[in-house]
Amino acid sequence: MQNIIEINNGVPRHPLYRMKQPVNLTVASGEQIAIVGANGSGKSRLVDVITGRYPLLMNEVHYDFSPSPMKLASDNIKYITFRDSYGDSDGNYYYQQRWNQHDIDEKTPTAGELLEEAFQTAEKSLGYGMSEEEARQEQERRKTLRDKLYEMFHLSSLLDKYIILLSSGELRKFQLTKTLLSGPRMLIMDNPFIGLDAQTRQQLMELLDVLISETDLQVMLVLSKTDDIPDFITHVIPVDNLEVHPKITLTDYRKNAAPRPARVIDDRRKNSILSLPEKQNIMNTTDADGCILKFNNVNIRYGQRTILKNLDWTVRQNEKWALSGENGAGKSTLLSLVCADNPQSYACDIELFGRKRGSGESIWEIKKHIGYVSPEMHRAYLKDLPAIDIVASGLYDSVGLYMHPKAEQRGICEWWMNIFGIEALKDRTFLKLSSGEQRLCLLARAFVKDPELLILDEPLHGLDDRNRQLTREIISAFCQRKNKTMVMVTHYAEELPDIIDHHLFLKKNI
């Protein structure tokens with residue numbers, strides 16, 4: 001059987017990127033792979049070895065992508081990480097930018113322009129090693145695939161949007177389409193299903209299944225959430241503590257999977273959360289009826305596109321809300337209004353903490369009562385600061401740390417990092433952490449000032465099974481305390497903590 005990827009005793013040249021043991025790995029033609037493991041276990045590092053990002057000391061990766069006429073690994077392997085889809089390493093992208101359209105450069109490409117560019121680039125590659133008839137058939141196949149992707153992901157309504165205005169779920173749909181249009185031989189995707197609504201997740205699995213059965217495409221999924229392993233996967237590569245374990249069949253992996261514990265958080269940590277002292281000398285954060293938040297006939301439009309229409313919503317103190325809806329329905333837009341990140345919030349009839357929006361309060365007065373985490377915030381953290389400074393930035397509601405925390409405040413940060421099990425990472429810099437470890441830091445950041453209102457926008461993105469359960473239990477314990485209110489967004493019903501008592505479902509405006 002043909003091995004399309006083969007690594008024998010692979011050791012990266014740079015010691016910073018090495019695994020505990022040399023990497024030995026083969027991927028045969030026809031095999032569909034899932035790489036699984038805990039946060040920080042080395043999954044992404046293994047993919048970087050496979051794709052050639054980390055050159056090896058000797059025994060370089062051997063590739064055989066035949067019958068593909070293209071010889072370079074970069075032409076045959078496409079890797080989607082979703083980490084930094086817009087914005088750049090110098091931090092010019094900021095997490096409120098999606099809501100501030102007047103700040104967007106007119107030269108910023110639209111989703112439609114980038115997709116057309118990807119399609120045209122793929123068209124130019126046709127003909128290498130093909131007969132005229134084969135090239136014509138391949139061209140028709142790619143056009144059919146493009147039309148199917150546009151229809152499945154409802155992309156026609158997104159084509160005129162600037163890329164940085166796409167929601168987290170829309171951005172994933174865009175990236176998947178752009179990459180699939182390039183016709184890769186091997187498609188590697190890092191947690192491709194998170195951020196997608198249930199219908200889109202199912203459609204993507206079915207599409208990949210069809211592409212695998214009808215073409216030479218092979219798929220490698222990097223998964224933290226093992227519930228997401230599709231049935232078309234044939235083999236699993238477990239990675240644990242920077243060690244690559246032997247490849248096994250999906251059947252054997254499922255058969256030998258350890259049962260999940262009923263509870264992850266220990267009594268010490270749970271009781272320490274429940275016994276946190278009440279905050280002193282805080283202003284009244286409700287109106288006379290006990291309401292912490294009111295939306296009165298709120299409408300949000302961008303150009304000709306209506307995001308929220310005639311929305312009435314009341315949240316009372318101590319309520320715990322689940323906010324749901326399909327991709328692009330306006331969930332993150334709604335939360336941006338609550339957190340005063342969206343300038344349109346001041347033109348809307350919104351009351352928060354007993355005060356009408358625009359009545360003289362500053363954005364910092366609003367934010368000091370809110371603990372917040374979101375995909376937009378994660379993308380905005382592009383500075384390589386120590387992890388504890390990322391957590392401490394939550395004390396000042398800044399993206400980055402601009403005030404040095406006092407010893408007492410640093411102790412609070414360390415305490416929350418211990419609660420989330422990441423105290424050992426406090427001195428490591430943020431961009432050197434795995435995506436899941438970064439998310440745990442941002443979660444600790446949301447809790448560090450003991451907020452009255454928690455706004456959690458898809459907080460469990462990228463977390464492994466254990467950390468997802470741990471975080472759910474931390475949220476539940478925190479919200480059992482007096483006068484704690486929460487709004488949480490997720491596309492997975494099983495991720496909701498057991499304290500949820502209210503639900504709001506947003507329908508997408510067409």
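The values are calculated or read from the model by the stated rules, or taken from the named source; none is laboratory data. Please read all numbers here as calculations on a predicted model, not as lab measurements. Every residue, glycine as well, gets a Cβ built from its backbone with ideal geometry; the counts of neighbours run over all protein chains shown.
Data for the structure
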read-out: Failed item, numbered, when LEU440 is tested on (1) in contact with a strand residue (DSSP E or B) (Cβ under 9 Å, 6 or more places away or on another chain); (2) at pLDDT 95 or above; value: (1)
read-out: Tally of residues being surrounded by 15 or more Cβ atoms within 10 Å (Cβ to Cβ), without any contact (Cβ under 8 Å) to a residue 60 or more places away in the chain and among the charged types (D, E, K, R) across segment 214-253; value: 1
read-out: Condition check for ASP240: assigned by TED's automatic domain parsing to the domain that holds VAL23, charged (D, E, K, R) and out of contact with any Ser or Thr (no Cβ under 8 Å at 6 or more places or on another chain); value: no
read-out: Hey, ILE388 buried (at least 21 other Cβ atoms within 10 Å of the Cβ), of a type outside the set (Lys, Arg), modelled with pLDDT of 95 or more and assigned by TED's automatic domain parsing to the domain that holds ARG466 or not; value: no
read-out: Selection status of THR177, surrounded by fewer than 20 Cβ atoms within 10 Å (Cβ to Cβ) and either among the β-branched types (Val, Ile, Thr) or closer than 24 Å to PRO375 by Cα (or both); value: no
read-out: Selected residue [hydrophobic (A, V, I, L, M, F, W, C) and under 18 Å from the mean Cα position of the chain (by Cα)] from LEU207, LEU181, LEU145, LEU176; value: LEU176
read-out: Residue that is under 29 Å from LYS107 (Cα atoms), in contact (Cβ under 8 Å) with a residue 60 or more places away in the chain and out of contact with any helix residue (DSSP H, G or I) (no Cβ under 9 Å at 6 or more places or on another chain), where the choices are SER157, SER168, SER182; value: SER157
read-out: Test: residue in segment 262-273 that is in contact with a Pro (Cβ under 8 Å, 6 or more places away or on another chain) and surrounded by fewer than 18 Cβ atoms within 10 Å (Cβ to Cβ); value: no
read-out: Residue list for segment 199-212, filter: out of contact with any Phe, Trp or Tyr (no Cβ under 8 Å at 6 or more places or on another chain) and either without any contact (Cβ under 8 Å) to a residue 40 or more places away in the chain or hydrophobic (A, V, I, L, M, F, W, C) (or both); value: GLN202, GLU206, LEU207, VAL210, LEU211
read-out: Within segment 411-448, considering residues that are of a type in the set (D, E, K, R) and out of contact with any His (no Cβ under 9 Å at 6 or more places or on another chain), the one surrounded by the fewest Cβ atoms within 10 Å (Cβ to Cβ); value: ASP427
read-out: Residue selected from segment 69-82 under the condition part of a loop (DSSP other than H, G, I, E, B) and either at pLDDT 75 or above or loosely packed, with under 15 Cβ neighbours inside 10 Å (or both), by the criterion nearest to the chain's Cα centre (by Cα); value: THR81
read-out: Residue match in segment 304-322 (condition: assigned by TED's automatic domain parsing to the domain that holds PHE430, within 30 Å of LEU433 (Cα to Cα) and not charged (D, E, K, R)); value: yes
read-out: Count of segment 244-264 residues which are part of a loop (DSSP other than H, G, I, E, B) and either acidic (Asp, Glu) or at pLDDT below 90 (or both); value: 7
read-out: SER41 farther than 16 Å from LEU217 by Cβ, exposed (fewer than 13 other Cβ atoms within 10 Å of the Cβ), under 25 Å from the mean Cα position of the chain (by Cα) and in the same structural domain as GLU243 (by TED's automatic domain parsing); value: no
read-out: Test: residue in segment 413-432 that is in a helix (DSSP H, G or I) and in contact with a Leu (Cβ under 7 Å, 6 or more places away or on another chain); value: yes
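Quick grid of which residues meet (1) crowded, with 20+ Cβ neighbours inside 10 Å; (2) not aliphatic (A, V, I, L, M):
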site: THR285; (1), (2): no, yes
site: LEU293; (1), (2): yes, no
site: VAL298; (1), (2): yes, no
site: TYR302; (1), (2): no, yes
site: THR314; (1), (2): no, yes
site: GLY330; (1), (2): yes, yes
site: THR333; (1), (2): yes, yes
site: VAL338; (1), (2): yes, no
site: ASN342; (1), (2): yes, yes
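The rows are residues; the columns are (1) hydrophobic (A, V, I, L, M, F, W, C); (2) without any contact (Cβ under 8 Å) to a residue 12 or more places away in the chain; (3) over 29 Å from LEU171 (Cα atoms).
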| site | (1), (2), (3) |
| --- | --- |
| TYR396 | no, yes, yes |
| ILE419 | yes, no, yes |
| LEU425 | yes, no, yes |
| PHE447 | yes, no, no |
| LEU453 | yes, no, no |
| PRO459 | no, no, no |
| ASP464 | no, no, no |
| ARG472 | no, no, no |
